[in-house]
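Data block below; observations after.
The values are calculated or read from the model by the stated rules, or taken from the named source; none is laboratory data. The model shown is predicted, which means the values in this text are computed figures rather than measured ones. Because the Cβ atoms are built from the backbone with ideal geometry, glycine has one as well, and the counts that use them run over all protein chains shown. Heads up: the accessible areas ignore ligands, DNA and RNA and are worked out on the full protein's heavy atoms, side chains in. Shrake-Rupley method; radii C 1.70, N 1.55, O 1.52, S 1.80 Å.
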Amino acid sequence: MLEEGNKKIFEFALKLLYSSFESFIVKCYVDINSSNENRILYFTENTFGDLGISIDSSLLHNLLKIKLVRNCYEHNEGKWNERTAKKLSEILTGNKDPNFCLKLKNSSGETTVTNVEETIKTSYNQVSNLLWAIDIFEKTYGEIQNITTL
C-alpha cells in the first residue's frame with residue numbers, strides 16, 4: 001500500500017509540475033500575441049523557437065521527456081508504449097524506434113530504464129525523480145529569465 005501511495009504521489013506531483021510549466025508557456029504565447037489567448041497551445045520541440053528563445057538542446061530534450069512521462073500517466077496508466085517510444089526516439093535520435101526505452105534520471109544521477117509495454121520505473125525513492133524534474137524546470141525558468149522579460 002505504501003508503494004502504491006508513493007507511485008500516486010509521484011504521478012500527481014509530476015502532472016502538477018508539468019501543468020504549471022505548460023500554463024507558463026501558454027502565458028508566454030499570449031504575452032507575445034493576445035490573439036493566442038483562446039487557442040489551444042501545447043509545449044513542443046518548436047515552442048521556444050516560436051517564442052524567439054534559444055535554449056540548450058539537452059534541457060529541451062529533458063523537458064520533452066518529462067512531457068511524455070506525464071502523458072503516459074495521464075493517458076496510458078503509466079505504461080510506456082510503442083507510440084510514446086517512437087516520439088521520444090525521434091526527438092533524441094531522429095529515428096522512430098517503437099522499442100525505444102525510457103531512461104528516467106533522479107537527483108543523484110542514477111537512471112532507471114523502462115522497456116516498451118512496462119509501467120514506468122522510478123527510483124525506490126521517487127522524490128529523487130521529482131527533484132530531478134524540478135531541477136530541469138528551474139534551469140528552464142532560469143534560462144528564460146536570463147534571455148527575456150517574459
Self-check item: Residue tally, condition touching a residue at least 12 places away in the same chain (Cβ under 8 Å) and over 16 Å from the mean Cα position of the chain (by Cα), over region 98-111
Solution: 5
Exercise. Starting from residues that are touching a helix residue (DSSP H, G or I) at 6+ places or on another chain (Cβ under 6 Å) and under 16 Å from Lys67 (Cβ atoms), keep the ones in region 121-136 and report whichever is surrounded by the fewest Cβ atoms within 10 Å (Cβ to Cβ).
Key: Leu130
Quiz prompt | Whichever residue in region 94-115 is open to solvent by less than 80 Å² (accessible area, probe 1.4 Å) and not in a loop (DSSP other than H, G, I, E, B) and, among such residues, is farthest from Asp135 (Cα to Cα) | solution = Thr114
Practice problem: Within region 121-140, identify whether any single residue is in a loop (DSSP other than H, G, I, E, B) and at positive phi, and answer yes or no. | Solution: no
Practice problem: Give region 95-150 a look and list any residue that's of a type in the set (Phe, Trp, Tyr) and within 20 Å of Asp56 (Cβ to Cβ), or say none. | Solution: Trp132, Phe137, Tyr141
Exercise. Could you tell me whether Ile91 is of a type outside the set (Gly, Ala, Ser), closer than 30 Å to Ile32 by Cβ, surrounded by 16 or more Cβ atoms within 10 Å (Cβ to Cβ) and in contact (Cβ under 8 Å) with a residue 60 or more places away in the chain?
Key: no
